[in-house]
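What follows is calculated from the coordinates using simple rules that are stated; it is not laboratory data. This one's a predicted model, so the numbers in the text were calculated from it and none came from an experiment. Here the Cβ is made from the backbone with ideal geometry for all residues, glycine too, and neighbour counts use every protein chain on show.
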Amino acid sequence: MFLHNLGWGLLRRWYFALAGILITAAGALFVWTAVPPSYQATSTAVLLPPSSLVGEKGNPYLYMGGLEQALTVLTVRLRSAEVEEPLIQGRGDLSYLVEKDPASPGPVMLITATAGSQASAMELLEEVVKVIPANLAVMQDQLRIPTFNRVEVMTVVQDHTAVLLIKDQLRVLLAAVAGGLAVTVLVTALLDRVLTSRRKKRDEHRIQASNQVPALLPEPETPNLESQPTARRRAAGASKGNLGNALARDQEFEIPTATSNP
């Protein structure tokens, strides 16, 4: 029921909904241009067992068991501030991530470099790949491991071009569009409710004003037409009676006059 009323409200106030959609589209375009794209380049490296374990004619790939622990320690060191800050400090939005490759069962390392431009991403990736052997050597120097017992690192594959990523832009764009549409629906529904309430109040006032009956004036008395002839006859009879009485009184007070005989 609520969705039904909301839909009819949007249809009634379509001009508000259209204005909100246009504003949302303009905001989405602004967000798309404001959020810069990012580029990503990757590389993979593998830890090789020491020559003392493999031998002169041995196959290193058959002796990789147990190197995952060394890989874990190496990734922790490469993500530390001591290594990270010289690589990205003061260079804008550069970032990198070194982790164990989840798609590989052995001691394979995945290096991911991200930057705002393709050239910056490739440059950062090459720098990170270069510092890996040096940091592995520092770790083994601290333990004074002999050269023939030392673990080595080898690059397996590395990107030659960075890939454009738009997931950040899409994430922000979808959030902006969803927020704009939600605000449009809510504002349109609120305006529809307010305008509908005002219209109902005006209709109620108009109906109340039309139902009010003005005070009636007292109707004038209408003469009884049927009794008019009788009343006239009575009045005429009364007038004749009064006239006869007057003549009789005049005769009673008449003074006789003397007559002379011849």
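Some points to look at:
- Counting beta carbons within 10 Å around each of Phe16, Phe148 and listing the fewest first gives the order Phe148, Phe16.
- In the distance distribution for segment 110-179, Cα-Cα pairs more than 17 Å apart total 60 percent.
- For Glu152, nonlocal amide neighbours, meaning residues 5 or more places apart or on other chains whose placed amide H falls under 5 Å from its own, are Leu48.
- Using θ = phi - 60° and Karplus 6.51 cos²θ - 1.76 cosθ + 1.60, couplings along segment 39-52 (whole Hz; Gly, Pro as x): 10, 9, 9, 10, 8, 10, 9, 10, 8, 10, x, x, 5, 5
- In terms of packing, defined here as the mean over residues of other Cβ atoms within 10 angstrom, the peptides 95-102, 180-187 line up highest first as 95-102, 180-187.
- Cα-only Debye scattering, segment 38-165: base-10 log of I(q)/I(0) at q = 0.10, 0.11, 0.16 Å⁻¹: -0.33, -0.40, -0.79
- About its Cα centre, the dipole of segment 38-165 is roughly 320 debye, where the only charges are +1 on Lys and Arg Cβ and -1 on Asp and Glu Cβ.
- Which of Asn135, Leu62, Thr72, positive extreme of dipole for segment 38-165 (C-beta unit charges): Leu62
- Here Val183 and Glu126 are evaluated by their C-beta separation; at R0 = 51 Å the FRET efficiency comes out at 0.65.
- For Lys100, the amide hydrogen comes within under 5 Å of the amide hydrogens of Leu110, counting only partners 5 or more places away or on other chains and with H modelled in the peptide plane.
- Pairs of Cα atoms farther than 18 Å apart, segment 149-210, %: 71 percent
- Using the Cβ of Pro37 as centre and a radius below 12 Å, the other residues enclosed give a net charge of -1, where K and R count +1 and D and E count -1.
- Computed from phi, the 3J(HN,Hα) profile of segment 29-37 under the Karplus parametrisation 6.51, -1.76, 1.60 (θ = phi - 60°) reads 5, 5, 5, 4, 7, 6, 7, x, x Hz, with x in place of Gly and Pro.
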